[in-house]
2 protein chains.
Amino acid sequence: MAQAPKANAIIGQSGGPTGVINASLVGVIEEARKHPEIQTLYGSVHAVAGMVKEEFVDLGKISADTLEIVAASPSSALGSSRDKPDAEYCKKILDVFKKRNIRYFFYIGGNDSANTAYIINKMAVEAGYDMRAFHVPKTVDNDLLVTDHCPGFGTAGRFVSCALMGDDLDNRALAGVKIDVIMGRHAGFLTAASALGRQRDDDGPHLVYLPERPVSMDKFLSDVEGVYKKLGRCVIAVSEGMADVDHKTWAEKLVENAERDAHGNVQLSGTGALADFLAGQIKSKLKVKRVRADTFGYLQRSFAGLQSEVDVDEARRCGREAVKYSMTDISGSVAMKRTGNGKNYGVELFRTELANVAEKTKSMPDEYINAEGNDITDAFIEYALPLVGKLPKTEYLGNYPKV
Amino acid sequence: MAQAPKANAIIGQSGGPTGVINASLVGVIEEARKHPEIQTLYGSVHAVAGMVKEEFVDLGKISADTLEIVAASPSSALGSSRDKPDAEYCKKILDVFKKRNIRYFFYIGGNDSANTAYIINKMAVEAGYDMRAFHVPKTVDNDLLVTDHCPGFGTAGRFVSCALMGDDLDNRALAGVKIDVIMGRHAGFLTAASALGRQRDDDGPHLVYLPERPVSMDKFLSDVEGVYKKLGRCVIAVSEGMADVDHKTWAEKLVENAERDAHGNVQLSGTGALADFLAGQIKSKLKVKRVRADTFGYLQRSFAGLQSEVDVDEARRCGREAVKYSMTDISGSVAMKRTGNGKNYGVELFRTELANVAEKTKSMPDEYINAEGNDITDAFIEYALPLVGKLPKTEYLGNYPKV
């Protein structure tokens, strides 16, 4: 392995923000300061878009106190971008890197970001430019390959768990049907996290619909009717990516003029259309009077003051580890392996090839979804509960014995 | 003043749940235990609906540890009701009270609940039934008369502040126009709380629309355009009760088949229609490409693990105080008077007549709204900031000097 070059470094944050992507950023910054090989550490403002425009801030001058505030702040402190760089775009980036003697490239993001790091790394190798490219995982969707789970999921999952705990108690107080539409285009992990706070036998969400299990409107309505008849109320968690049996998503069928981002993804968030449509179906077909629907939207990924402790710690470690790997390896993505569960929960970090993560996504394993396709299993709870951190206990008195 | 009778007591929680209505419940329970005049303390399940059906739980047997969990739980632990009792309904309740020797009636809720307590108290007086009726204030809308502010507002305001802090950082990361629709039919306090977390000069929300200031769609669009041209982005907080210059709410104009609850209020929550409509207007008329809209819905009133410390403390004190007043007075509503501001913030509690609170609502005072009617003033911040508690500091690096 060639010696790590004495040169400048750059870091960017890409894609949708999360509650701990800044913790990963701080992990990179604090570790970079320990390595004399890394000279100036540039922060690229708005990810790859800032790289071509050389919109850089100097991350070497930020105080330790400020770094702690950064690590606790939601969203991407350097700004983000949805640009998906092609070869020409990447060449421009590489030109800037050469001009600025940038030979360390750290990129925090999802599978598209891993791909960007992969392309730039390949170009650098071909051009004989001695450079290191590392991807730090981030996504609320938890859909990256190789790693046990992704930084960002635990915090978003904590938001969703706490939201459903509150919402279920709200639904007990004023009974009816409540629908909550949760982020997740293809992977149901975040929607599944809605069930992590269940404490009593009849706690909601009573039904959980995931993109991995297409469901017809008839089946959906019949499920809701069953719960409502039994409990007199029903709380439903629905992924925004919920699909019909023909595998078209409900949202795609509904949203006219759906926007597509540069990655070809249909824009599903930021609209109440799916939630309102499902509420309308239940009102009209099941004759339930009180039906309410909320779409969690961006609150679940950027909410000040709400982080999972485990998640923020792991995100920071992932950032630090990327810098360490860059001292001995040319490229890679940071991944986590679980070393224990429950009280013994822990992870160890390892390096995987960028190609293993780039442009690929993971779905919920079958063992995490019940046979009927409308709830999660205990295996999922065992998997996900350590990631969201200790959830508050709640109490409901209305089901105490009557006197 | 007649001696406090030795008799049973009852408590109910009415209307929309809040994050601290259970703290008021616990305040009543713990104080009632100190007074031998109060024998069995019944909890009525689903408020007045439980009273006519005698759906009661015994609140004397709940452990202190469980009470702490109750006080920290969102929503109404006894269940709630939207019933608005008429004279016949109230007579049924009074019959149950007589049968069970209930002579202390505590009711936690908004102005409708104060009115219920007022009617029942009046009936009891007319019937010569020695009984005490006390109202404990609760509402996320903060719209009760007499009291400086209402338990429930601080916690909901904290949710909204933290949401907008995160959302504004999200909007910095991926620029565009973001609309957040916030609860509040007639009073803009909760929507105004969206601005409490602003830390930097260009922090959002950049525009705040309140039901107290009707605005035309043209003015709205021109405001948005102005901010967007200046900052390249715009975060907007809109009350669900936002009205046009003809004083009809935008939502009323939009929502077909709007439901009305038993109090004659139009059902505005639980629908993304207003947010989606405003987003559509901005997209089509201002030609802004990236426009997103979220409707906060029930998350802002029932979210597990999120309470304002000041709010939860005051809510509990209000519950305790109601019991104390019932030892010396026939009826009343608990109210708060502010004794200091900023670092010297504090309140003292006092009793006011039920009639002063019943069926009345308060709007945002003019001094809390800017001249243009699209933002709040420093006076509002001074008023509301102590109520939501200390907000997290955040950091954004993208506006640091470029290198």
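Remind me, relative contact order of chain A in percent, using alpha carbon pairs under 8 angstrom and six or more residues apart? Each step should come with its number before you reach the end.
Working: 888 pairs, mean separation 89.0, N = 403.
Averaging sequence separation for qualifying contacts and normalising by length gives 22 percent for chain A.
Mind checking which of B:P205, B:P74, B:P392 has the largest fluctuation in a GNM of chain B, springs on alpha carbons under 10 Å?
Among B:P205, B:P74, B:P392, the largest mean-square fluctuation in the Gaussian network model of chain B belongs to B:P392.
Please find the FRET efficiency linking A:A64 to B:K283, where r is the Cβ-Cβ separation and R0 is fixed at 56 Å, and quote it to the nearest 0.05.
On the way: r = 43 Å, r/R0 = 0.77.
It comes out at approximately 0.80.
Run down the aspartates and glutamates and flag those whose C-alpha is under 17 Å from the C-alpha of B:K98, throwing out any fewer than 8 positions away in its chain.
Result set, ordered by chain and number: B:E37, B:E54, B:E55, B:E88, B:E126, B:D130.
What fraction of the DSSP beta bridges in chain A is antiparallel, stated in percent and rounded to the nearest 5?
On the way: 13 of 46 bridges.
Counting only bridges with both partners in chain A, antiparallel ones make up about 30 percent.
Under 16 Å from the Cα of A:K343, which lysines turn up, not counting those fewer than eight places away in the same chain?
Cross-link targets: A:K390.
Can you give the calculated 222 nm mean residue ellipticity of chain B, where each DSSP H run of n ≥ 4 adds -39,500 (n - 2.57) and the sum is split over every residue, rounded to the nearest 500 deg cm²/dmol? The partial results should precede the final answer.
Values: 13 runs with 150 residues, N = 403.
After summing the helix terms and dividing by the residues of chain B, the value is -11500 deg cm²/dmol.
Could you work out how far helix A:273-286 tilts from the main Cα principal axis of chain A, as a 0 to 90 degree angle to the nearest 10?
Approximately 10 degrees, to the nearest ten.
Could you size up the charge dipole of the stretch B:137-237 around its Cα centre, putting +1 on the beta carbon of Lys and Arg and -1 on that of Asp and Glu, and report it in debye to the nearest 20? Don't skip to the end; give the middle numbers.
Details: 12 positive and 14 negative charges, 22 e Å.
The dipole of the stretch B:137-237 has a size of about 100 debye.
State whether the stretch A:1-155 is rounded, prolate or oblate according to the following rule on the C-alpha gyration tensor (a ≥ b ≥ c being the square roots of its eigenvalues): a/c under 1.5 gives rounded; otherwise a/b larger than b/c gives prolate, and the remaining case gives oblate. Each step should come with its number before you reach the end.
On the way: a/c = 1.55, a/b = 1.20, b/c = 1.30.
In terms of gyration-tensor shape, oblate.
For the stretch A:7-54, what does the alpha-carbon gyration tensor say about shape, rounded, prolate or oblate, given a ≥ b ≥ c as the root eigenvalues, a/c under 1.5 as rounded, and a/b over b/c as prolate?
oblate
Of the candidates A:L164, A:L190, A:L391, which one comes out as most mobile in a Gaussian network treatment of chain A with C-alpha springs shorter than 10 Å?
Sorting by GNM fluctuation, first place goes to A:L391.
For the stretch A:84-96, in order, what is each residue's ³J(HN,Hα) by Karplus, 6.51 cos²θ - 1.76 cosθ + 1.60 with θ = phi - 60°, in whole Hz (x at glycine and Pro)?
With coefficients 6.51, -1.76 and 1.60, one gets 10, x, 8, 4, 5, 4, 5, 5, 4, 4, 5, 4, 5 Hz.
Would you please give the FRET efficiency between A:R33 and B:K6, computed as 1/(1 + (r/R0)^6) with r the Cβ-Cβ distance and R0 = 60 Å, to the nearest 0.05? Please report the intermediate quantities before stating the final value.
Values: r = 72 Å, r/R0 = 1.19.
Once rounded, the FRET efficiency stands at 0.25.
Taking the Cβ of each residue in B:K219, B:K390, B:K289 as the centre, tally the other Cβ atoms inside 10 Å and list the residues starting with the fewest.
On the way: B:K219 16, B:K390 12, B:K289 9.
Starting with the residue having the fewest Cβ neighbours, the order is B:K289, B:K390, B:K219.
Name the residues whose placed amide hydrogens come within less than 5 Å of the amide hydrogen of B:H135, ignoring near sequence neighbours (fewer than 5 apart) on the same chain.
For B:H135, the qualifying residues are B:Y107, B:G332, B:S333, B:V334.
Using a 10 Å cut-off around each Cβ, can you sort A:S363, B:S73, A:S216, A:S308 from fewest to most neighbouring Cβ atoms? List each step's numbers first, then the result.
Values: A:S363 15, B:S73 30, A:S216 11, A:S308 27.
The fewest-first ordering by Cβ neighbours comes to A:S216, A:S363, A:S308, B:S73.
Projected onto the charge dipole of the protein assembly as shown (+1 at Lys/Arg Cβ, -1 at Asp/Glu Cβ, origin at the Cα centre), which of A:A173, A:L397, B:L354 gives the Cα projection farthest towards the positive end?
Most positive-ward Cα: A:L397.
Please report, in debye to the nearest 20, how large the charge dipole of chain A is about its Cα centre when each Lys and Arg carries +1 at its beta carbon and each Asp and Glu carries -1 there. Write out the running numbers ahead of the final one.
Details: 50 positive and 54 negative charges, 95 e Å.
About 460 debye.
I'd like the FRET efficiency for A:K122 and A:D378, computed as 1/(1 + (r/R0)^6) with the beta carbon distance as r and R0 of 60 Å, rounded to 0.05. Don't jump to the answer; show the numbers that get you there.
On the way: r = 43 Å, r/R0 = 0.72.
Taking R0 as 60 Å, the efficiency between A:K122 and A:D378 is 0.90.
Residue by residue through the stretch A:291-302, which ³J(HN,Hα) values in whole Hz follow from phi under the Karplus form 6.51 cos²θ - 1.76 cosθ + 1.60 (θ = phi - 60°), with glycine and proline marked x?
10, 10, 9, 10, 10, 5, x, 6, 4, 6, 10, 9
Find how much the distance from A:S222 to A:A371 grows on full extension, using 0.36 nm per residue of separation minus their present alpha carbon separation; answer in nm with one decimal. Write down the numbers at each step before the final one.
Numbers: separation 149, 0.36 × 149 = 53.64 nm, distance 1.61 nm.
Net length gain for the segment: 52.0 nm.
Quick check: from the Cα gyration tensor, does the protein assembly as shown come out rounded (a/c under 1.5), prolate or oblate?
Values: a/c = 1.97, a/b = 1.83, b/c = 1.08.
Note, shape of the protein assembly as shown comes out prolate.
Quick check on the exposure proxy: order A:D170, B:D58, A:D86 from fewest to most C-beta atoms within 10 angstrom.
On the way: A:D170 26, B:D58 14, A:D86 10.
Neighbour counts put them in this order, fewest first: A:D86, B:D58, A:D170.
Residues in the stretch A:292-335 near a label at A:K360, defined as backbone nitrogen under 14 Å from the 7 Å Cα→Cβ point?
A:333-335
Per residue of the stretch B:354-359, in order, report the coupling 6.51 cos²θ - 1.76 cosθ + 1.60 (Karplus, θ = phi - 60°) as ³J(HN,Hα) in whole Hz, putting x for Gly and Pro.
4, 5, 6, 10, 4, 6
Running a GNM on chain B with Cα contacts under 10 Å, which residue among B:K91, B:K138, B:K253 ends up with the highest mean-square fluctuation?
Most flexible of the set in this elastic network: B:K253.
All of the numbers you see were taken from the coordinates with simple rules; none came from a lab. These numbers come from a predicted model, not from an experiment. Don't worry about glycine lacking a Cβ; one is built from the backbone with ideal geometry, like all the others, and counts go over all protein chains shown.
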